[in-house]
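The values are calculated or read from the model by the stated rules, or taken from the named source; none is laboratory data. Every value quoted in this text rests on a predicted model; they were computed, and no experiment measured them. A quick note on method: Cβ atoms are made from the backbone with ideal geometry, for glycine too, and the neighbour counts reach across all protein chains shown.
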Amino acid sequence: MDWTLLQFLAPAIAASLIIAGIHAYLGLHVVERGVIFVDLSLAQIASLGAAIAVWQGYDPHSTAVDWMSLGFTLMGAVIFATIKGHQARIPQEAIIGVSYAVASAAVILTLSQATGEAEHLRDMLVGNILAVQWPEVWVTGAIYVAIGLFHYVFRQRFLDISMDPGRTAASGVSVRFWDFLFYASFGFVVTRSVAIAGVLLVFCYLIVPSVGGMLFAARVGPRLAIGWVMGTVVSMLGMYFSVQFDLPTGATIVCTFGLVLILMAAVRPLLRRATAG
């Protein structure tokens, strides 16, 4: 890999590492809450906001589209925070699935009525991580650092709600309020990440490192460390394979995530036997 190619890939590599860092942490909460597809649903809700803005005549790359997308994401956060699986007869995951299906259909209907810029909007929503530029990387990094600091300050509260919401609610904590803060901050991240990397890649960054961490650790700290290492290594491997074999970058990283997770699952019994022996 020559220096010119490395310079070309540098913004994409930096963006993938930034996305991996924040999503590995958020994925830990998502897996514990059992709302695996929440990022897909929020991403489609954000897409609906963007589609409506374009339908109304705004440029797909304008700040108006970004704000409309974020506004719809926050509405989704309110819905998901209000309907809690441990309190309602309807599982929260069912509401998330319905929201995803309805939002997806609404995006298709809206785009069918949009003219001129609909194709550009589709490109934006699919994402192309190789097209990211350094200004986008710096802005994304700043947003994620702010959200990361917010979660660090209130980490114990978020962990308590994710791990044992019933006991946390019994202690007098407003679980719905803190759920809204979680889903709202999560929505900021998903809206930004999907526009850069696309839905499938963001979903892998969210779920796969967390699952990989669960294979080898029970405590939150080690799981998070394993997830961060996995996200970093797989991002670099995926970029390398993409360039080496001239493959689509996002799809290559997704498949690399899957292969590495399979290898980790295969190695786990061997390590357990070695430790027991």
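So which of Tyr25, Tyr100, Tyr58 is aromatic (Phe, Trp, Tyr) and in a loop (DSSP other than H, G, I, E, B)?
Details: Tyr25 fails: in a loop (DSSP other than H, G, I, E, B); Tyr100 fails: in a loop (DSSP other than H, G, I, E, B).
Every option except Tyr58 fails the conditions.
Among residues of region 228-254 that are free of Cβ contacts under 8 Å to residues at least 60 places away in the same chain and over 15 Å from Phe203 (Cβ atoms), those with a beta-carbon under 7 Å from a residue that is surrounded by fewer than 21 Cβ atoms within 10 Å (Cβ to Cβ) and among the aliphatic types (A, V, I, L, M) at least six positions away or on a different chain give the pairs Phe241/Leu247.
Which of the residues spanning region 237-258 are over 18 Å from the mean Cα position of the chain (by Cα) and within 22 Å of Leu26 (Cα to Cα)? So that I can check it myself, show each step before the final result.
In the first step, residues of region 237-258 are kept if they are over 18 Å from the mean Cα position of the chain (by Cα); the result is 237, 239-248.
Within region 237-258, none qualify.
For region 111-126, the condition holds for no residue, the condition being that it is at pLDDT 75 or above, loosely packed, with under 15 Cβ neighbours inside 10 Å, within 20 Å of Ser47 (Cα to Cα) and among the β-branched types (Val, Ile, Thr).
Residues are listed down the side, and each one gets a yes or a no for (1) basic (Lys, Arg); (2) modelled with pLDDT under 90; (3) surrounded by fewer than 21 Cβ atoms within 10 Å (Cβ to Cβ); (4) touching a Phe, Trp or Tyr at 6+ places or on another chain (Cβ under 8 Å):
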residue: Asp2; (1), (2), (3), (4): no, yes, yes, no
residue: Gln7; (1), (2), (3), (4): no, yes, yes, no
residue: Ile22; (1), (2), (3), (4): no, no, no, yes
residue: Val38; (1), (2), (3), (4): no, yes, no, yes
residue: Ala51; (1), (2), (3), (4): no, yes, no, no
residue: Tyr58; (1), (2), (3), (4): no, yes, yes, no
residue: Phe72; (1), (2), (3), (4): no, no, no, no
residue: Phe80; (1), (2), (3), (4): no, yes, no, yes
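Here are some residues: Ala43, Ala94. Which one is touching a helix residue (DSSP H, G or I) at 6+ places or on another chain (Cβ under 7 Å), within 26 Å of Trp178 (Cβ to Cβ) and modelled with pLDDT under 90? Every option except Ala43 fails the conditions. Could we say that Thr191 is under 14 Å from the mean Cα position of the chain (by Cα), among the polar types (S, T, N, Q) and closer than 23 Å to Phe150 by Cα here? Yes; evaluated as a whole, the condition is true for this residue.
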